[in-house]
Amino acid sequence: MVASWWSRARLGIFVHWTPASVPGWAPPHVPAAELPAAGRRAPLGWTPYAEWYENSLRFPGSPAAAHHRATYGTRPYTDFGHDFEDGLATWDPAAWARSFREAGAGYAVLVTKHHDGFCLWPSETDNPHRTGWRTTRDVVGEFAEAVRAEGLRFGVYYSGGLDWTFDDRPIGTAADMFSAVPRGGYPAYADAQLRELIRRYHPDILWNDIAWPASAAEIRSLTDYYRFTVPHGVVNDRLLPYAPHWRALRLPVARSLYNWWDRRTVAQGEGFVPRTPPAFDFRTPEYARYTGSDPYEITRGIDHSFGYNRNSPPDAFIGREALTSLVRSTAADGGNLLLNVGPRGEDATIPAEQRLRLEWLAEDAAVRAEEEARPEEKARESPSR
């Protein structure tokens, strides 16, 4: 059973903030079903997820590649790591945390390493392929301290399934994604980094993504270590054990069959529900509703991206009525909403369109608090018998 504090939270804030937040660009959302009809057989190269920018650049015909050529010429993606670090000079983690608490959040989850492999803490586990591919400032530690000071629980996101510094093949489909889970020295590297995050920051939430590059037994060892270190902690549903047959997904027939199967599992609309791993505390439907019986957390961005996308049109952002309704209906159903904000990379600020949604939630949270206080006030005011 998932921890009671998590079940009571109702709302969490996700933060995707990577070197890709410096260009902060992706094409507008196109429903996945329409991409093949448009001649795009590699839909993940056309993704509206701006945090996938580095991967999108590997498809020369993609909108992101065209934008990059026009805007940055031949500048390599790794240069954005320096710009990201420079942008930290104006970062105010306390202001972020205060806005999350005012919005009614019970916890906040920070992306500590996304698929590009860039670490937001001075990791003691060196990346053998990109020297210094991390912040010198302890962003994870400062973020954890700030949100906990506001009374929120703190979680770490870690991309265990993908790391493009270890395997940089272009990922165009779901089959490509699972066949690109790195092998070699990566499983030991990922295990060491996640244990380091657990040991240093004692996160209340362990939020892995895509899969895990090792066996179910090794995952049990990792989660046992986590539960021993953080007894009240919770684990999401994306620690899917590595399967040797994923390597066969590079073959055309296997790739085609897997992609056909994957399209059948995508939820109605634009989202999906991850495959079920052997062990987890809660499910994480992405841009989708969940109809199962397990504890769940809907995760989505404020627009169609998790990372900051300066190219998002106005109608891509969730409206006020839809947002407040989603929070309330999910809570009424016993689930949580993990709403993502994608700060800008160049100056560490939360964009105005996203701040506005946090303000809407803050106003709604104040109304809810007033509604919940009324029965208590009436009880105190009623005469004793």
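The values are calculated or read from the model by the stated rules, or taken from the named source; none is laboratory data. The structure presented is a predicted model; accordingly, all values stated were derived computationally and were not measured. A quick note on method: Cβ atoms are made from the backbone with ideal geometry, for glycine too, and the neighbour counts reach across all protein chains shown. Please note that ligands, DNA and RNA were not included when accessible areas were found on the heavy atoms of the full protein model with its side chains. Shrake-Rupley method; radii C 1.70, N 1.55, O 1.52, S 1.80 Å.
Name the trypsin sites (Lys or Arg not before Pro) in the range 12-102 that are in a loop by DSSP and that have at most 14 other C-beta atoms within 10 Å, would you? Listed in order of number, the matching sites are Arg41. Relative contact order (percent) for the chain, with alpha-carbon contacts under 8 angstrom and 6 or more residues of separation? Here the relative contact order equals 24 percent.
As a fraction of the 1.4 Å probe accessible area of the chain, surface on carbon and sulfur atoms comes out at 53 percent.
In the context of the full set of protein chains, the chain has a per residue accessible area of 43 Å² (1.4 Å probe). For the range 147-286, the relative contact order comes to 26 percent (Cα pairs under 8 Å, sequence separation of at least 6).
Can you tell me the 0 to 90 degree angle between the C-alpha axis of helix 252-265 and the longest principal axis of the chain, rounded to 10? Here the helix axis deviates by roughly 20 degrees. Per residue, the convex hull spanned by the Cα atoms of the range 150-224 amounts to 112 cubic angstrom.
Centre-to-centre, using Cα atoms only, the range 35-97 and the range 296-348 are separated by 19 Å. The charge dipole of the chain, taken about its Cα centre with unit charges on the Cβ of Lys, Arg, Asp and Glu (plus for the first two, minus for the last two), comes to roughly 980 debye.
Helical content of the chain, expressed as a calculated mean residue ellipticity at 222 nm, amounts to -11500 deg cm²/dmol (DSSP H runs of 4 or more residues, -39,500 (n - 2.57) each, divided by residue number, nearest 500).
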